[in-house]
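Student: Have a look at the structure that comes next, please.
The values are calculated or read from the model by the stated rules, or taken from the named source; none is laboratory data. This structure is a prediction, so every number in the text was calculated from the model and none was measured. Cβ atoms come from the backbone with ideal geometry, glycine included; neighbour counts cover every protein chain shown. Side chains included, ligands, DNA and RNA excluded: accessible areas come from the protein's heavy atoms. Shrake-Rupley method; radii C 1.70, N 1.55, O 1.52, S 1.80 Å.
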Amino acid sequence: MNWIYKGSEVQDSDVPEKAIGFIYIIQHDSGRKYIGKKLLDKAGTKMVNGKKKKIRKPNDWQNYWSSSPWLSELIETEGKEKFTRKILMFCMTRGELNYAEEKLQYCWNVLESDRWYNSNIRSRIFGKHVEKYNVKEINLIRNIYGDVVLDTDAKFQCNGQDGSIFGLSEG
């Protein structure tokens, strides 16, 4: 199963020249999903004039599935043909990559919904930290005040109680 981007299988030539990584969704045939990020290269070293020099070298992103041990085990057990891998967006900086992943995880309530395999955000915020009364309170506040949209030029924004996002569909 190859990566899909904008409805087509991704080729190396489809990757923007300055991209450093991408945000992706892996979806099971049941509809349950996982959102993550992947760098297009990895750290390495090479010898230059007898000294080690840090370099970036390509990784095997085309064959990457997930850093989640639980999801990786499920893919191994059920088979890759039960899953679809979609690239949502390419990012040009690490900051953009980190921000986009986390923003989408919050917008789509990945820790609060059984529709998602994600068990944590940034490996620091886990599902057990999301108490049911907090979810109810947050939803009550959103019902009263709605979503505040301050920056109409933002790449994507949470909008609506379902976590829908302007400019990017959940796919």
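Student: For the stretch 14-36, enumerate the residues that are in contact with an Asp or Glu (Cβ under 9 Å, 6 or more places away or on another chain), surrounded by fewer than 20 Cβ atoms within 10 Å (Cβ to Cβ) and of a type in the set (Lys, Arg).
Tutor: 32
Student: Moving to a separate point now. When residue 76 is evaluated against the numbered criteria (1) surrounded by fewer than 19 Cβ atoms within 10 Å (Cβ to Cβ); (2) modelled with pLDDT of 90 or more; (3) within 12 Å of the chain's Cα centre (by Cα), which criterion, by number, is the only one it fails?
Tutor: (3)
Student: Considering each of 24, 5 in turn, give the residue that is closer than 19 Å to residue 96 by Cβ, of a type in the set (Phe, Trp, Tyr) and touching a helix residue (DSSP H, G or I) at 6+ places or on another chain (Cβ under 8 Å).
Tutor: Result of the check over 24, 5: 5.
Student: Okay, moving on. All but one of (1) closer than 21 Å to residue 115 by Cα; (2) surrounded by 15 or more Cβ atoms within 10 Å (Cβ to Cβ) hold for residue 39; which doesn't?
Tutor: Among (1) closer than 21 Å to residue 115 by Cα; (2) surrounded by 15 or more Cβ atoms within 10 Å (Cβ to Cβ), residue 39 violates only (1).
Student: Tally time: how many residues in the stretch 79-103 are under 18 Å from residue 5 (Cα atoms), among the small types (Gly, Ala, Ser) and modelled with pLDDT of 90 or more?
Tutor: The number of residues fulfilling the criteria is 0.
Student: Turning to a different aspect of this structure: Restricting the first residue to the stretch 73-84 and requiring it to be under 15 Å from residue 63 (Cβ atoms) and among the aromatic types (Phe, Trp, Tyr), which pairs with a second residue that is open to solvent by 100 Å² or more (accessible area, probe 1.4 Å) and outside any helix (DSSP H, G or I) meet a Cβ separation below 8 Å and a spacing of at least six or different chains?
Tutor: 83/1; 83/29
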